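The structure under discussion appears below in the form of structure tokens.
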Amino acid sequence: MSALFRTAPALRAGLRASAAKPIAAMASTTFVRGKATLPDLAYDYGALEPYINGTIMELHHSKHHQTYVNGLNSAVEAIEEAKAKNDLATAAAQAPLLNFHGGGHINHTLFWENLAPNGKGGGGEPEGKLLTAINEDFGSFDALKKQTNAALAGIQGSGWAWLVKDKTSGTLGVVTRLNQDPVTGNLEPLLGIDAWEHAYYLQYQNRKAEYFSAIWEVVNWGTVAKRFEK
Amino acid sequence: MSVGTYSLPALPYAYDALEPSISAQIMELHHSKHHQTYVTNLNNAIKTYASAVSSNDIAGQIALQAAIKFNGGGHINHSLFWENLSPASSPDADPSSAPLLIAEINKVWGSLDGFKAAFTKTLLGLQGSGWGWLVKDAQGLRIVSTKDQDPIVGGEVPIFGVDMWEHAYYLQYLNGKAAYVENIWKVINWKTAETRFQGGAADAFKVLKASI
Ligand SMILES: [Fe+2]
């Protein structure tokens, strides 16, 4: 999770003019704060067409994901301010916002990375150890897709479906999470599929089953395998 | 056990009647597809539930409760929603059509603008899919939010609701949900709101009775 924060030095307002000084020399007059930033996509907005259109990708990344990033930074800031005043009740009251926006940032970051243009890393079938594990735990790749699509269709509201690995047993499974709840604890998220309406509505409207079946054409199995073997 | 069948209620206005606040395309999909799907899935769930009851299958009955709540809630919420909207040109869309309700709103929130600001804050604060409602209970008026399709069935009277699922606004407003909320105030049916305010929960749900 810490990889999602880019560390940026933040100068105290009164010292902005001396920003040209080397960082080390300013150690006593600056504080360093991890600030979440919107990650760049590894492909163009239109690169997942026709499975996910460019307008959806642009809004989803530059607007929705950006809003989670902003919300996360404000929640963290509010917690830090409250902490500085020893106001633990106010800090604790930020928990739902931290979970929602922090989860939104984590989930979307994982999502962009586990997608790729069809034929350029996206689509096809999992290979190697990952495929062996999928066959063992689901019976077949087709069965995994079926189970995931059923889980996606069963989400009552906004949420995500994830292919996960149990960190203890190494077993694979499919889970769903509501709204922006991130996958945490003993489960390692390998592949996430966004089932919020904003992820497909401009192209598929109420026909969400079509989106769920199309998205497999742009799943980046290389990323999923890397997460699995980690 | 014979069970009733729920059906999609007709809209009290044309699909394009709420433009420009809500586009005809949104209204048509929202009513003929989304609401219809809740009705269809509700009917399927209660049919299966009835056979689980008649075969004394308690596990089967419990397993169906989430589907009944979700789809039944979707049917209730949307039915109430359509009725509490009105074309902006109609006198029903003017708050003066709800003198008693507005007087009570003024008492609780200071002014109609104060109420709108509080309601808007609740709507925009929803995390995920859900609804905002003005309700009346024994204590008076309150603003509540509900997640997904959870219905208001705890004895409160729903006065009016606003759908904050993305399907309610996305084709027109995209990620700009604040603009959707701003514009929906122009198409609130205050006449319906006044009627519900003067009645009880059973009155509000009357339109929802199943037909056998
Ligand atoms: Fe999303």
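Couple of notes before you dig in:
- When A:Trp160 is tested against (1) under 25 Å from A:Glu58 (Cα atoms); (2) among the aromatic types (Phe, Trp, Tyr); (3) away from the ligand (no atom under 16 Å from the Cβ), exactly one condition is not met: (3).
- So A:Leu144, is it modelled with pLDDT of 95 or more and farther than 26 Å from B:Ala67 by Cβ: no
- Tally of residues being under 20 Å from B:Asp150 (Cβ atoms), open to solvent by 30 Å² or more (accessible area, probe 1.4 Å) and not in a loop (DSSP other than H, G, I, E, B) across region B:195-212: 2
- Among residues of region A:80-116, those that are away from the ligand (no atom under 15 Å from the Cβ) and within 22 Å of the chain's Cα centre (by Cα), counted: 7
- Restricting A:Asn86, A:Asn73 to residues that are in a helix (DSSP H, G or I) and over 17 Å from A:Leu202 (Cβ atoms) narrows the list to A:Asn73.
- For region B:103-120, the set of residues classified as open to solvent by less than 40 Å² (accessible area, probe 1.4 Å) and touching a residue at least 60 places away in the same chain (Cβ under 8 Å) consists of B:Thr120 only.
- Among residues of region A:140-161, those that are more than 14 Å from chain B (Cβ to nearest Cβ), more than 14 Å from A:Tyr211 (Cα to Cα) and crowded, with 20+ Cβ neighbours inside 10 Å, counted: 1
- Qualifying residue in region A:117-128 (condition: more than 13 Å from the ligand (Cβ to nearest atom) and either within 13 Å of another protein chain (Cβ to nearest Cβ) or closer than 24 Å to B:Asn175 by Cα (or both)): no
- Residues satisfying the stated conditions in region A:182-202, i.e. surrounded by fewer than 18 Cβ atoms within 10 Å (Cβ to Cβ) and either within 10 Å of chain B (Cβ to nearest Cβ) or within 25 Å of A:Ser62 (Cβ to Cβ) (or both): A:Leu202
- Taking the criterion of being of a type in the set (Asp, Glu) and within 14 Å of chain A (Cβ to nearest Cβ), the residues of region B:114-163 that qualify are B:Asp148, B:Asp150, B:Asp163.
- Residues that are away from the ligand (no atom under 14 Å from the Cβ), within 18 Å of the chain's Cα centre (by Cα) and not charged (D, E, K, R), drawn from region A:174-206: A:Val174, A:Val175, A:Thr176, A:Val183, A:Thr184, A:Gly185, A:Asn186, A:Leu187, A:Pro189, A:Leu190, A:Leu191
- Wholly within region B:121-194, strands (runs of 3 or more DSSP E) carrying at least 3 residues that are within 17 Å of B:Ala98 (Cα to Cα) and open to solvent by 10 Å² or more (accessible area, probe 1.4 Å): B:140-147
- Among the candidates A:Ala20, A:Ala27, residue that is modelled with pLDDT under 95 and part of a helix (DSSP H, G or I): A:Ala27
- Some residue of region B:29-44 being out of contact with any Leu (no Cβ under 8 Å at 6 or more places or on another chain), open to solvent by 40 Å² or more (accessible area, probe 1.4 Å) and not in a helix (DSSP H, G or I): no
- Any hit, region A:92-105, residues being in a loop (DSSP other than H, G, I, E, B) and of a type outside the set (D, E, K, R): yes
- Counted residues, region A:207-220 - those being away from the ligand (no atom under 13 Å from the Cβ) and either at pLDDT below 95 or not aliphatic (A, V, I, L, M) (or both): 8
- Subset of region A:209-230 [within 14 Å of chain B (Cβ to nearest Cβ) and surrounded by fewer than 19 Cβ atoms within 10 Å (Cβ to Cβ)]: A:Ala209, A:Glu210
- Restricting attention to region A:46-64 and to residues that are open to solvent by 70 Å² or more (accessible area, probe 1.4 Å) and away from chain B (no Cβ under 14 Å), the residue that is farthest from the ligand (Cβ to nearest atom) turns out to be A:Pro50.
- The lone criterion from (1) within 14 Å of another protein chain (Cβ to nearest Cβ); (2) not in a helix (DSSP H, G or I) left unmet by B:Asn77 is number (2).
The values are calculated or read from the model by the stated rules, or taken from the named source; none is laboratory data. Note that the structure is predicted; figures quoted are calculated from it, not measured. Quick reminder, even Gly has a Cβ in these numbers, built from the backbone with ideal geometry, and neighbours come from all protein chains shown. Side chains are part of the model used for accessible areas, which takes the heavy atoms of the whole protein and leaves out ligands, DNA and RNA. Shrake-Rupley method; radii C 1.70, N 1.55, O 1.52, S 1.80 Å.
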